[in-house]
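Engineer: Here it is, the structure, as structure tokens.
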Amino acid sequence: MSLRAEMLRLGLRMLLKRRRRGFEVEAWRAGMHRTAPFVPRPRSGTDIAIVEAGGVTMHRTTTAASRPECNVLYLHGGGYVSGGPAFYRHFTWRIANAAKARVWAIQYRLAPEHPFPAALDDALSAYRWLAQETGDTSGLFIMGDSAGAGLALCLLLKLRDLGGPLPAAAVAMSPWTDLALTGQSLTEHAAADPMLNAGDLPELVRCYLAGADPLTPYASPLYGDPSGLPPVLIQSGSDEILRDDAVRMAEKLQQANPLSRIEIWPRMPHAFQLFVPLLPEAHAAIAQIGAFIAGVGAEAAATPPSRMAT
């Protein structure tokens, strides 16, 4: 583990792990918006275009390395109540470079104003539009972090159940897969996790589900049947309170598809890849993501493409 990572853990603990007197959505959102001025700009030469498609707003990130035949649909984190593509511009261009792809980050509707299944409906609409636009899902990937990573897995289940064309693969960074909150790491890692407060999660669940069953697979993919899903790469930090969400999900995915795999990064914070300007481990993790997508893409290129019906 790098010295920078240790310093980041200490800083996160000081800034984020303060005890709160109750959870407030607006305070959560305000905390994220305070970070907006500190989000680094993308590298010169990066093109970011705002696209309205399928009833959803998407930020399309393209670099000189991007290939039009390779596309990544990105679903942001934020506990389903906050966040948006603008907070990821320092990151999406790096994924575009590593995967040699265009990255489409969507602005899905947020809870509690738009509870479940609004976010999933928006993700489905965006995917269908992108699949139709590209005409070939063999070069289409889904990716997300935290709640967005869980949403990405929910989208896979929904697409499979609807019988539509599936993406070539998915990447889930620190996924939240169990909204029933049964993972042992929620308590075992509560003191070690420098970023997340386990006490916030029940309120986030309440905001997002609005009374819906937390065991429904379209909200908690851990309880879904992974049969027929494409390969998934999961990355998680070893000390996260959501570590068990990642590990248990990976075990199910690997039983259904041996090409799925999980990487547990020692002492990395939640969604550590987003700290890429600071962490050498984040650079390494992004390179691993790029290699995973390239490997799946090479295998897909050797098989007949799955095309959208016209």
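The values are calculated or read from the model by the stated rules, or taken from the named source; none is laboratory data. What you see is a predicted model; the values in this text were computed from it and never measured. Heads up, the Cβs are rebuilt from the backbone with ideal geometry, glycines too, and the neighbour counts pull from every protein chain shown. Side chains are part of the model used for accessible areas, which takes the heavy atoms of the whole protein and leaves out ligands, DNA and RNA. Shrake-Rupley method; radii C 1.70, N 1.55, O 1.52, S 1.80 Å.
Engineer: Could you list, in sequence order, the residues of the stretch 239-262 that are more than 15 Å from the chain's Cα centre (by Cα) and either open to solvent by less than 50 Å² (accessible area, probe 1.4 Å) or without any contact (Cβ under 8 Å) to a residue 12 or more places away in the chain (or both)?
Structural biologist: Residues satisfying the conditions are Asp239, Glu240, Ile241, Asp244, Val247, Glu251, Leu253, Gln254, Ala256, Asn257, Pro258, Ser260.
Engineer: Name the one entry in Leu73, Leu120, Leu124 that is touching a Leu at 6+ places or on another chain (Cβ under 7 Å) and either modelled with pLDDT under 95 or open to solvent by 10 Å² or more (accessible area, probe 1.4 Å) (or both).
Structural biologist: Leu124
Engineer: Out of the residues in the stretch 173-232 meeting the condition of being at pLDDT below 95 and aliphatic (A, V, I, L, M), tell me which one is surrounded by the fewest Cβ atoms within 10 Å (Cβ to Cβ).
Structural biologist: Per the stated criteria, the residue is Ala191.
Engineer: Just give me the residues in the stretch 295-309 being modelled with pLDDT of 65 or more and open to solvent by less than 60 Å² (accessible area, probe 1.4 Å), in sequence order.
Structural biologist: Listed by number, the residues that qualify are Gly295, Val296, Gly297.
Engineer: Pull out all pairs, ordered by first then second residue, where Cβ-Cβ is under 7 Å, the residues are six or more apart or on different chains, the first lies in the stretch 267-286 and is among the acidic types (Asp, Glu), and the second is in a loop (DSSP other than H, G, I, E, B) and modelled with pLDDT under 95.
Structural biologist: As it stands, the answer is Glu281/Ser2; Glu281/Met268, since those pairs meet every condition given.
Engineer: Looking at (1) outside any loop (DSSP other than H, G, I, E, B); (2) farther than 30 Å from Glu113 by Cα; (3) open to solvent by less than 50 Å² (accessible area, probe 1.4 Å); (4) modelled with pLDDT of 80 or more, which one does Val51 not meet, given that it meets all the others?
Structural biologist: Tallying (1) outside any loop (DSSP other than H, G, I, E, B); (2) farther than 30 Å from Glu113 by Cα; (3) open to solvent by less than 50 Å² (accessible area, probe 1.4 Å); (4) modelled with pLDDT of 80 or more, Val51 fails exactly one: (2).
Engineer: Sticking with this one: How many of the residues in the stretch 170-186 are touching a strand residue (DSSP E or B) at 6+ places or on another chain (Cβ under 6 Å) and at negative phi?
Structural biologist: 4
Engineer: Of the residues Pro40, Pro68, only one is touching a residue at least 24 places away in the same chain (Cβ under 8 Å), assigned to a loop (DSSP other than H, G, I, E, B) and open to solvent by less than 60 Å² (accessible area, probe 1.4 Å); which?
Structural biologist: Every option except Pro40 fails the conditions.
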